[in-house]
Amino acid sequence: MTQPATRRTVLATGAGAIALGCVGCGAGNGGEAKSTSSASSASASSPGAQEAATDGKALAKTSDIPEGGGKVFKKEKVVVTQPKKGDFKAFSAICTHQGCTVNAVAEGTIDCPCHGSRFRIDDGSVAHGPATRPLPKRSIKVNGKSIHLT
């Protein structure tokens, strides 16, 4: 005689089947899930951003980045700023509060639309919370009038 299945048994069995059915599933990027951690965002670029950095393709022209401002590159998840004339900086565009992508550079700050965090354009430090950690720096190289991710 068999025991009737309890809700807990059904849920546990269903979860196991789903987990087994998804072996080898990934996040659509070679099986590697994207991280919203600020530390890994800074060091691990997406494959597309890595290709752009290594194939010689420029991220932007220096003239695209306003002095005292900056520009967000959503696809590459990077924000490039020019705090002073000819001084270009780059930071992860992923907010260190909860992983939203920053969307604007205005009045000397890099702004996150999700919860209002703002970061200084000169060093990525927090100007206004709720974020408590700065935006991680990203490496760029200026070649003439072109800016490249490195």
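The values are calculated or read from the model by the stated rules, or taken from the named source; none is laboratory data. Model, not experiment: these values are computed from the prediction. Methodologically, a virtual Cβ is constructed for each residue, glycine included, from the backbone with ideal geometry; neighbour enumeration extends over all protein chains shown. Side chains included, ligands, DNA and RNA excluded: accessible areas come from the protein's heavy atoms. Shrake-Rupley method; radii C 1.70, N 1.55, O 1.52, S 1.80 Å.
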message = Given the criteria open to solvent by 60 Å² or more (accessible area, probe 1.4 Å) and touching a Phe, Trp or Tyr at 6+ places or on another chain (Cβ under 8 Å), does residue 84 qualify?
response = no
query = If you check residue 92 against the conditions, is it in contact (Cβ under 8 Å) with a residue 24 or more places away in the chain, open to solvent by less than 40 Å² (accessible area, probe 1.4 Å) and among the hydroxyl-bearing types (Ser, Thr, Tyr)?
reply = yes
request  = Could you figure out which of (1) among the hydroxyl-bearing types (Ser, Thr, Tyr); (2) surrounded by 16 or more Cβ atoms within 10 Å (Cβ to Cβ); (3) at pLDDT 50 or above isn't true of residue 63?
outcome  = (2)
